[in-house]
Amino acid sequence: MNQRILLSNPTKLRSSFFLNCIKGLLLLLLLFTATLRATAQLPDSLWTKFYGGIDYDRGNSMIQTSDGGLAIIGEFGGFTEAGIRRKGQVWLVKTDASGDTLWTRKYKGSDYDLGNAVRQTADGGYILAGYTPGGRFNAVDAWLIRTDAFGDTLWTKTYGTDAEESANDVIETADGGFVFTGFAWSSKSSRDRDVWLVKTDSVGDTLWTGRFYSGDAENVGNKVLETNDGGYVVVGTTQIRGQNEDLFLISTDEDGDEHWTKTYNKTDGSRNGIDQGRDIIELEDDGFMILGFSDTNSWLLRTDTSGDTLWTKELSINGESFAQTLDGGLVIAGGGVLRADKLGEALWEIQNLKGISNSIEQTSDGGYVISGYNLNYENNTLEDLWIFRLGPDGSVTSNQPDNEIPVIANLHQNYPNPFNPVTIIGYDLPASGNVRLEVFDMIGRQVALLVDSPVTAGRHQVSFDASGLSSGIYIYRLQIEMGVEAGQVFSRKLTVIK
């Protein structure tokens, strides 16, 4: 099923009808030029949809929202049909689970504006990150836009000096504020770029800033996470002028003070080598999974909590982002789509999309939704935001716990998260014992007691209904009180959005 959603210039609808049909058919055909890498069943293509006008319209980041739909941020109208650069706008598109548009919003700064990241906030609204020109020399400034649940602006803030700054990723923090990462030039004259980490309160006022990898280098932070201990990790790329690019990982405490930094190079120190850090996931069993890019293809880097390498795995595609799947594996999107197990072994691969898929999420039924932008087959300077939906691939047959006895005790991240009003919390017990599973608000008051009884060894799941709670971030805690695992306590955060 293909659908073209035209947001401007309706007079050109007739002339572009056949082109749009051809584009949709080509994309669907390309989805099936896939390579089956193992025994997993290749997913079916369920639908493909396009969004935009007649100019350059791009999707840069996508999230699943608490209502089961999607929110995509990007740029609207950045180029004309003739390929001439013009003033684009930050663009937010909200759809339902089938990709049908519910609403769109455009946000205009002062000149060439770009949206890089979107997150849903605890109250059901959104926080957007990107850049807009500003300052005395019209250099670009980092830009945050806070909206309500319908994309209407609550506030906007720019961050920067007379030099160049950009916000590449943003998260809402447990205290209701925000943290973003990107880059900031050391000065207008030097053009050296520092990794930039900025913490704000709930209305965007700066609380602190951190700069890393300062000096004669070009550096950029691409993704940021709030870790389970309340600190932050940033992944990105550092390059000393005239030398190779290295992937980096920075860990800080809650105030942005550095714990440690690590750099990783897969091109053996080659002067012209490229090693970029593009995405990161904090894993349930401690440590991080990092998606990197090295010269022509991507690679996975598995580290412990101190950033020390446990293993690496080369991939056969150029990946832009990735997500963890319901079975603990991975799915990577970029020039193609690749499904891997938790050790990075490929299960299947879809190649040659003739476009860029820069965001991917697994849906609750075990399928996938992918977004990005595709090239116009008539004029390569024209691009459209596009989304396509894949069904389950056969490697995830159920989200129910299996009968395997786990080796260690563990508390899993709830799914979905954020959620409204029901989510699933999983936990593992290697031996039988008395278990207490509770939910607390951020000031330590118990709001729910989910389990307080003897539980047999195995993998378990509990449904948590937050209908009686207000929107916000909560802590859920597993305490093992009896048995050989007695004394162990695990905690994680969950987000209720209404």
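Taking Tyr377 as the residue in question, decide whether it is of a type in the set (Phe, Trp, Tyr) and either at pLDDT 90 or above or outside the structural domain of Val90 (by TED's automatic domain parsing) (or both).
Judged against the criteria, Tyr377 is not a match.
Consider Val435 carefully, then state whether it is closer than 21 Å to Asp123 by Cβ, in contact with a strand residue (DSSP E or B) (Cβ under 7 Å, 6 or more places away or on another chain) and assigned to a strand (DSSP E or B).
Taking the combined requirement at face value, the residue does not satisfy it.
Closer than 23 Å to Gly236 by Cβ and either modelled with pLDDT under 85 or not assigned by TED's automatic domain parsing to the domain that holds Gly444 (or both) - does that describe any residue in region 84-99?
Yes, there is a match, as at least one residue in region 84-99 is closer than 23 Å to Gly236 by Cβ and either modelled with pLDDT under 85 or not assigned by TED's automatic domain parsing to the domain that holds Gly444 (or both).
Within 20 Å of Ser202 (Cβ to Cβ) and either in a loop (DSSP other than H, G, I, E, B) or at pLDDT 95 or above (or both), is that true of Ala117?
The answer is yes for Ala117.
Could you list, in sequence order, the residues of region 230-243 that are assigned to a loop (DSSP other than H, G, I, E, B) and either of a type in the set (Lys, Arg) or surrounded by 18 or more Cβ atoms within 10 Å (Cβ to Cβ) (or both)?
Of everything in region 230-243, just one residue is assigned to a loop (DSSP other than H, G, I, E, B) and either of a type in the set (Lys, Arg) or surrounded by 18 or more Cβ atoms within 10 Å (Cβ to Cβ) (or both), namely Arg241.
Which one is surrounded by the fewest Cβ atoms within 10 Å (Cβ to Cβ), of the residues in region 176-224 that are of a type in the set (Asp, Glu) and at pLDDT 95 or above? Full working, then the answer.
Of region 176-224, the ones of a type in the set (Asp, Glu) are 192, 194, 201, 205, 216, 218.
Filter once more, so that each one left must be at pLDDT 95 or above: 201, 205.
On the way: Asp201: 13, Asp205: 10.
For region 176-224, the residue satisfying everything is Asp205.
Just to be sure before I move on: is Thr227 surrounded by fewer than 24 Cβ atoms within 10 Å (Cβ to Cβ), within 12 Å of Ser251 (Cβ to Cβ) and either free of Cβ contacts under 8 Å to residues at least 12 places away in the same chain or assigned by TED's automatic domain parsing to the domain that holds Arg119 (or both) in the structure I sent?
So Thr227 fits the description; yes.
Does Thr65 satisfy being more than 26 Å from Gly319 (Cα to Cα) and either surrounded by fewer than 14 Cβ atoms within 10 Å (Cβ to Cβ) or at pLDDT 85 or above (or both)?
Values: more than 26 Å from Gly319 (Cα to Cα): no; either surrounded by fewer than 14 Cβ atoms within 10 Å (Cβ to Cβ) or at pLDDT 85 or above (or both): yes.
No; evaluated as a whole, the condition is false for this residue.
Among (1) more than 15 Å from Tyr427 (Cβ to Cβ); (2) of a type in the set (Val, Ile, Thr); (3) under 29 Å from the mean Cα position of the chain (by Cα), where does Val447 come up short?
The single condition Val447 does not satisfy is (3).
Considering only region 407-430, how many residues are over 12 Å from Arg492 (Cα atoms), more than 24 Å from the chain's Cα centre (by Cα) and surrounded by 16 or more Cβ atoms within 10 Å (Cβ to Cβ)?
Qualifying residue count for the region: 4.
Go through region 286-321 and give me each residue that's closer than 15 Å to Asp246 by Cα and at pLDDT below 90.
Within region 286-321, Ser294, Asp295, Thr296, Asn297 qualify.
Do any strands (runs of 3 or more DSSP E) lying entirely in region 270-378 carry at least 1 residues that are over 27 Å from Val195 (Cα atoms) and among the hydrophobic types (A, V, I, L, M, F, W, C), and which ones are they?
By residue number, 330-334, 337-340, 346-350, 368-375.
Select from region 287-335 the residues that are of a type in the set (Phe, Trp, Tyr) and over 25 Å from Asp365 (Cβ atoms) and write down the one among them that is surrounded by the fewest Cβ atoms within 10 Å (Cβ to Cβ). Step through it out loud before you land on a result.
Pass one, region 287-335, residues of a type in the set (Phe, Trp, Tyr): 288, 293, 299, 311, 322.
Filter once more, so that each one left must be over 25 Å from Asp365 (Cβ atoms): 288, 293, 299, 311.
Working: Phe288: 21, Phe293: 22, Trp299: 20, Trp311: 10.
Looking at the filtered set, the residue picked out is Trp311.
What strands (runs of 3 or more DSSP E) completely inside region 442-498 contain at least 3 residues that are surrounded by 12 or more Cβ atoms within 10 Å (Cβ to Cβ) and hydrophobic (A, V, I, L, M, F, W, C)?
Where strands (runs of 3 or more DSSP E) fall fully within region 442-498 and carry at least 3 residues being surrounded by 12 or more Cβ atoms within 10 Å (Cβ to Cβ) and hydrophobic (A, V, I, L, M, F, W, C), they are 446-455, 472-480, 489-496.
The values are calculated or read from the model by the stated rules, or taken from the named source; none is laboratory data. These numbers come from a predicted model, not from an experiment. No Cβ is skipped: glycine too gets one built from the backbone with ideal geometry, and neighbour counts run over all protein chains shown.
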